[in-house]
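These notes are about the structure you will find just below.
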Amino acid sequence: MEELKQELKAKIVEQLNLEDVAVEDIANDDMLFGDGLGLDSIDALELIVMLDRDYGIKLTDPKQGRAIFESVDTMAAYISEHKTK
Amino acid sequence: MSKGVAITGMGIISAIGNNVEENHQALIHGKKGISRVSKIKTIHKDDIMVGEIDRTNQQFEEQIGLSQDNNYSRTALLGVVAAKEAIKNAGITNINDCKTGLISSTSVGGMDKTEMYYYDYLTNTSTQKYIEGHHAGDSTQKIAEELGIEESLVTTISTACSSAANAIMMGARLIKSGQLDRVIVGGADCLSKFTINGFKTLMILSDTYNTPFDDNRKGLNLGEAAAFLVLESDAVVKANHKKVLAYVKGYGNANDAYHQTASSDHGDGATLAMEKALKVANLKPTDIDYINAHGTATANNDLSEGRAIIRIFGNEAPDFSSTKAYTGHTLAAAGAIEAVYAVLAIQNSVVYPNLNFETPMHEFGLRPQLTLKEKSLNTVMSNSFGFGGNCSTLIFSKGA
Amino acid sequence: MGSKVYINGICAISAQKTFDNTTFLEEIELYNDTVINAIDPNYKEFIPPASARRMAKGIKMGIVASKLALKDATLDNIDAIITGTGLGCVRDSEKFVSAIIDHDEQFLTPTSFIQSTHNTVAGQIALELQCKGYNFTYVHGSNSFESAVLDAKLQLEHDEARHILIGGVDELAPHTIKIHRLIGHIKAESVTANTVLNSNSKGAVFGEGGNFFVLSNEQAASSYAEVQAVKLFNTLNKSSVYTQAIEFLKENKIDHIDALILGCNGDVEYDSYYEGLRDGFSNVQQLYYKQLTGEFYTASSFAYWLGAKVLKTQSIPNVVKLNSVDKKSMDSVLIYNQYRGENHSFTLLRKC
C-alpha cells in the first residue's frame with residue numbers, strides 16, 4: 001500500500017506538471033483539491049484518465065472523482081480495491 | 001450610432017435541414033436531427049450521438065461546382081452553401097454594389113483534413129494541398145472568394161462556442177459605425193474527431209439525446225452546421241427597397257473570468273452579457289418576448305445560464321427554450337444557427353419547444369417552453385457562451 | 001469620427017530581446033537558420049507556478065506581454081481584451097491530434113484540447129487580470145492582429161471603452177514546421193538576418209512572438225503614438241497596392257509620410273507585393289523587421305511596436321533600415337503587410 005502511495009504521488013507530480021512540488025512534500029492525508037495541493041477540476045479529469053490507463057478503472061461520472069481524489073490515502077484505497085490491471 | 005442594423009437575408013445548413021425552409025419545418029414539427037455518427041470513424045460511435053448533416057463532401061463539391069483539385073475542408077463547404085443561400089435570400093445580384101464585408105467564425109476550421117492527413121502529409125504529396133487550410137481564416141477566405149467579395153474587409157472570429165454570435169456583433173458595429181454598408185456574418189463548423197475526443201475528455205458528451213434544462217441531463221451532443229445573415233445599413237435598405245426580416249437590436253459580450261472551460265456557478269459573465277445587450281437595445285427585461293438559450297444540456301451550462309436568467313428576469317422569465325436538442329451543439333456556428341432561428345421565430349410568431357425535457361431542475365423553478373407556442377414576438381434574446389469564459393448575448397427585433 | 005486612439009503601453013516578446021523596453025534594438029540576436037524561436041523572459045517572475053504549469057508558450061507570452069504593456073501604460077486593468085492569432089496554441093493542437101491518432105482515441109487528457117481553442121490566450125489573460133469585459137479573438141491569417149486593432153479602435157472612438165488591451169500572438173510547433181517545410185513555406189536553406197532579404201529563395205524564416213499594446217482614447221505621459229487608421233483587404237492585386245496606399249492616405253487627409261514599414265520577409269515569390277511601395281515612396285525612410293522576428297501570422301504586430309518606438313524616440317535603429325533617407329523629425333508612419341499575397345493591411349501611426 002505504501003508503495004502504491006509513493007507511486008501515486010510521483011504520478012500526480014508528473015502528470016499534472018507540478019514543477020514546484022516534490023513527492024516528499026505531499027503527505028498521505030493532504031487534501032489534493034482546494035486549500036491543499038490546489039488541484040482543480042481539469043486535474044480531476046487528468047486523474048480520471050490516469051486511473052483508466054494505469055489501473056484499468058473506468059469512471060463515467062466526474063462527480064465520482066471527488067471522494068476518490070480527496071487525498072493520496074483515499075486514492076490508494078480505491079485503486080487497490082478496484083484495479084483491474 | 002443610432003443607425004439600425006437590418007437583416008435582409010439568411011442561409012443555413014444543419015442536421016435538421018439544408019436550407020432555411022427545411023430548418024423552419026423541422027423546428028415547428030419537433031423533428032430533431034440527432035443520430036449516431038456515420039461520417040467519422042471513431043471508437044466512441046456507440047457512446048455518443050451527434051447532429052450530423054446528411055450530405056457528403058463530394059455532394060457539396062458538386063453542388064458548389066468545385067474542381068477535383070480543390071482543398072476545401074468540410075467547414076468551408078458548409079460555410080459556402082449557407083452563405084450563398086443568404087446572398088440569394090437577400091436578393092443580392094451584385095455583391096460589390098456597396099461596401100460589403102464578411103465576418104465569419106469557426107472553431108475547428110480545417111481540422112477534419114488536418115486529423116485525416118496529419119502523418120500522411122509527410123509522405124503523400126497529393127494531400128499536401130490541405131496544409132494551407134490549417135489556419136482558421138482559410139474557410140472565410142474561400143467563402144469570400146465564392147461570394148465575389150474582393151479588396152474588402154474580411155475576417156474571422158474564434159471565441160469557441162460564442163464565435164458566430166460575436167461575428168454578428170462585430171458586423172452590427174461595423175454597419176452602425178458606417179465602416180461597411182453591408183456585411184455577411186455567421187459561422188461554420190464541421191464535426192471532427194478532434195472535437196468529439198476533446199469534449200469526451202471533458203466528460204460532457206451525452207450518450208443519448210441531449211436534454212436541455214432537464215434535471216437529469218447528461219451532457220451535450222455535438223453538431224455540425226453553418227449559417228450566415230446579411231446585415232445592411234438603413235441607407236442600403238432604403239435605396240434598394242429591401243424587405244427587412246428583422247433587426248439586430250442589441251448585443252453584449254463579457255468574460256466570466258472564472259475558469260478555462262466551466263461557467264461560474266452564478267453565471268456572472270452571462271448576466272453581464274445580457275445586461276449589456278439590453279442596454280445597447282435600450283430595452284427592459286420585460287420587453288423580451290422569447291429567449292433562445294445557449295442550453296447545451298451540460299450540468300454546468302444549464303445551471304449557470306438558468307441562474308443568470310433569474311438574475312436578469314427574476315422568477316418571471318419570458319418563454320425560453322434551447323434548440324440544441326434539434327441540432328446538437330454546433331460550436332462556433334451555434335450563434336448564427338440560433339440567430340436564424342430567432343429571426344424565423346419573429347417572422348412566424350412562434351416559440352420553439354425545448355425538446356426532450358422531462359424533469360425540472362431542482363436548483364430553481366425555471367421551466368422551458370415545452371410545446372410549439374404561437375404568439376407575436378417583437379424581441380428575441382439569444383445567448384451563446386464558450387470556453388475561455390466567453391459570454392455573448394444578441395437581441396433581435398421585429399422593428400428597427 | 002469620435003475620440004482619437006493612442007498607443008499608451010507596449011511589450012514585444014520576440015526573437016530579439018525586446019521585452020526589455022528600456023532598449024531599442026541595440027543588441028541584435030543574429031541567427032543562421034530557417035526557424036527562430038522567441039527569447040523567453042523569465043515567465044516565473046510574472047506567472048505563479050500553479051497557474052503556469054498547464055500553460056502553452058503562446059499563453060505565457062500573452063500573459064507576460066499583457067502585464068508588461070499594462071505596466072508600461074501604468075494601468076492595473078483594462079476594459080476589454082482583444083487578441084489576434086493565426087494558429088493559436090498550435091503545439092497543443094498538435095499534441096491532441098497526434099494523441100488521437102497514436103493512441104487510437106484512448107487515454108486522452110483535456111489540457112491540450114482546452115489550450116487548442118483559439119481564444120485560450122485572451123481567456124487566460126482575462127482570468128489572470130480578472131477582467132470581465134469584452135473579450136474577442138480574431139483568427140484571420142495575416143490580418144488577425146489588424147482585425148483586433150480595428151475592433152478596439154471602433155470601441156475607443158465611440159467611447160464604448162477607455163483602455164483596451166490588444167495583442168498578436170503565435171507560437172512555433174514541430175509538426176507545423178515540418179509540414180510547412182514540405183510545401184516550401186519555410187526556406188530550404190539557412191539564412192541570416194542580414195541576408196534574408198536578398199536570399200533569392202522561396203519561403204520565409206518562420207518565427208513566433210507575442211506583441212501586446214494598451215490602446216486608450218486619452219493621451220497620457222506614456223503615449224507612444226496615435227493609431228489614426230487601419231484598413232484591411234482580403235485580396236489586393238500587386239499592381240494596385242500603391243494606388244490603394246495613396247487612396248488610404250487621402251482618406252485620412254495625409255499628403256506625405258515620414259516612414260514606411262514593410263512586411264517583406266525575403267520570399268522571392270511574394271516580396272514583389274512591396275515593390276510598388278518601395279518605388280513609389282523611394283524618397284521616404286523605409287523600414288523592415290521580419291528579418292528580426294521571423295514570419296508568422298501575427299508578425300505584423302511587431303511593426304506596430306517598431307512604429308510606436310520610432311515615433312516616440314524619434315530614432316530609427318540601423319538594423320531595420322531598408323534604405324537611407326535622413327529625416328530629422330518623424331510625424332507619420334505607414335505600415336503595410338501581407339502574407340503570401342493574401343490579407344493585406346495598411347496602418348497609419350502618427351506622432352502624438
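Farthest toward the positive end of the dipole of the range B:294-400, out of B:Ser397, B:Met381, B:Val350, is the Cα of B:Ser397, where the dipole comes from beta carbon charges about the Cα centre.
For chain B, a crude dipole built from +1 on the beta carbon of Lys and Arg and -1 on the beta carbon of Asp and Glu, taken about the Cα centre, is about 660 debye to the nearest 20.
Here the Kirkwood formula, the inverse mean of 1/r across different C-alpha pairs, assigns the range C:182-276 a hydrodynamic radius of 16.5 Å. According to the calculation over all Cα-Cα pairs in chain A, the P(r) per 10 Å bin from zero is 17, 60, 22, 0 %. In square nanometres, what is one fourth of the surface area of the convex hull spanned by the alpha carbons of the range C:227-350? It is 6.8 nm². Peptides B:79-91, B:326-338 ranked from most to least packed give B:326-338, B:79-91, packing being the mean of other C-beta atoms within 10 angstrom over each peptide's residues.
Under the convention that each Lys and Arg Cβ holds +1 and each Asp and Glu Cβ holds -1, the size of the dipole of the range B:5-239 around its Cα centre is about 420 debye.
Here the relative contact order of chain C, from alpha carbon pairs under 8 Å that lie six or more residues apart, stands at 25 percent. Summed over qualifying helices (DSSP H, 4 residues or more, each -39500 (n - 2.57)) and divided by its residue number, the protein assembly as shown shows a 222 nm mean residue ellipticity of -10000 deg cm²/dmol. For the range C:6-216, evaluate the Debye formula with one uniform point scatterer on each Cα (no solvent term) and list log10 I(q)/I(0) at q = 0.08, 0.17, 0.19 Å⁻¹, rounded to two decimals. Log-scaled intensity ratios, in q order: -0.30, -1.21, -1.38. For the range B:263-400, list log₁₀ I(q)/I(0) at each q in 0.14 Å⁻¹, using the Debye formula over Cα point scatterers of equal strength and ignoring solvent, two decimals each. With no solvent term, the Cα-only Debye profile gives -0.56.
What FRET efficiency do you get for C:Lys328 and C:Ser240 if R0 is 30 Å and r is their Cβ-Cβ distance, rounded to the nearest 0.05?
It comes out at approximately 0.35.
What the pair-distance distribution of the protein assembly as shown shows, using all Cα-Cα distances binned every 20 Å from zero, is 16, 50, 30, 3, 0 percent. Per residue, the range B:22-142 exposes 43 Å² of accessible surface when a 1.4 Å probe is rolled over the protein heavy atoms with every protein chain present. Per the Cα gyration tensor, the range B:149-220 maps to an equivalent ellipsoid with semi-axes of 35, 15, 9 Å, ordered largest to smallest. Could you pull out the pairs from B:Lys32/C:Lys231; A:Lys9/B:Lys113; A:Lys9/C:Lys17; B:Lys200/C:Lys132; B:Lys242/B:Lys284; B:Lys32/C:Lys178 whose alpha carbons sit more than 32 Å apart here? Beyond 32 Å between Cα atoms: B:Lys32/C:Lys231; A:Lys9/B:Lys113; A:Lys9/C:Lys17; B:Lys32/C:Lys178. Distance from the Cα centroid of the range B:141-213 to that of the range B:62-133 is 13 Å (rounded to whole angstrom).
Projected over all directions and averaged, the alpha-carbon convex hull of the range A:8-51 occupies 2.9 nm².
If each Cα of chain C is one equal point scatterer, what is log10 of I(q)/I(0) from the Debye formula at q = 0.12, 0.15 Å⁻¹? Here the Debye-derived log intensity ratios amount to -0.82, -1.30. Restricting the calculation to Cα atoms, the range B:125-265 shows an Rg/Rh of 1.03 when the hydrodynamic-style radius is the Kirkwood one. Can you find, among B:Ser104, B:Phe60, B:Tyr117, the residue farthest towards the positive end of the dipole of the range B:37-117? Put +1 on the C-beta of Lys and Arg, -1 on that of Asp and Glu. Among B:Ser104, B:Phe60, B:Tyr117, the one farthest towards the positive end of the dipole of the range B:37-117 is B:Ser104. For C:Ala229, the residues 5 or more places off, or on other chains, whose built amide H falls under 5 Å of its own are C:Leu348. In the elastic network of chain B, a GNM with C-alpha springs shorter than 10 Å, the most mobile of B:Asp46, B:Asp112, B:Asp302 is B:Asp46.
Considering only beta bridges that DSSP places wholly inside the protein assembly as shown, some 65 percent are antiparallel. Given R0 = 51 Å, the distance between the Cβ atoms of B:Lys373 and C:Ala188 translates into a calculated FRET efficiency of 0.20.
Hey, with R₀ at 41 Å, roughly what FRET efficiency would B:Asp215 and A:Glu24 work out to, going by the Cβ-Cβ distance, to 0.05? Given R0 = 41 Å and the Cβ-Cβ separation, E is 0.35. The dipole here belongs to the protein assembly as shown: it is taken about the Cα centre, uses +1 on the Cβ of Lys and Arg and -1 on the Cβ of Asp and Glu, and is about 2060 debye.
Using a simple spin-label model with pseudo-atoms 7 Å out from Cα toward Cβ, B:Glu316 and C:Gln130 lie 3.6 nm apart. Fraction of C-alpha pairs exceeding 33 angstrom in chain B: 24 percent, rounded to a whole number. Excluding A:Met31 itself, what net charge comes from residues whose Cβ is under 12 Å from its Cβ, given Lys and Arg +1 and Asp and Glu -1? Summing Lys/Arg as +1 and Asp/Glu as -1 gives -4. Rounded to the nearest 10 square angstrom, B:Ser349 shows an accessible area of 40 square angstrom against a 1.4 Å probe.
Among B:Thr127, B:Thr298, B:Thr140, the largest mean-square fluctuation in a Gaussian network model of chain B (Cα springs under 10 Å) belongs to B:Thr127. With point charges of +1 on the Cβ of Lys and Arg and -1 on the Cβ of Asp and Glu, referenced to the Cα centre of the range C:130-227, which listed residue (C:Thr195, C:Asn143, C:Gly184) lies farthest in the positive direction of the dipole? Among C:Thr195, C:Asn143, C:Gly184, the one farthest towards the positive end of the dipole of the range C:130-227 is C:Gly184. Subtracting the Cα-Cα distance of C:Glu251 and C:Asp33 from their residue separation scaled by 0.36 nm leaves 74.4 nm. In the assembled protein chains, B:Asp54 presents an accessible area of approximately 130 Å² (probe radius 1.4 Å).
What separates the Cα centres of the range A:31-67 and the range B:307-355 is a distance of 34 Å. Hydrophobic, long helices, defined as DSSP H runs whose alpha-carbon span along the helix axis is 15 Å or greater and whose mean Kyte-Doolittle value is at least 1.0, occur in chain B at B:334-348. Using a 1.4 Å probe on protein heavy atoms only, how many Å² of accessible area do C and B hide from each other, summed over both chains and rounded to 100? Summing both chains' loss of accessible area gives about 5500 Å².
Over the range B:5-239, what lengths in whole Å, largest first, do the semi-axes of the equivalent ellipsoid take, defined as the square roots of 5 times the eigenvalues of the alpha-carbon gyration tensor?
30, 23, 16
Highest GNM mean-square fluctuation, chain C, Cα pairs closer than 10 Å: which of C:Lys57, C:Lys95, C:Lys44? Highest fluctuation among the options: C:Lys44.
The values are calculated or read from the model by the stated rules, or taken from the named source; none is laboratory data. Here the structure is a predicted model, which is why all the values come from computation and not from measurement. Here Cβ is always computed from backbone atoms with ideal geometry, including for glycine, and neighbour counts include all displayed protein chains. To get the accessible areas, we keep the full protein, side chains included, count just its heavy atoms, and leave off ligands, DNA and RNA. Shrake-Rupley method; radii C 1.70, N 1.55, O 1.52, S 1.80 Å.
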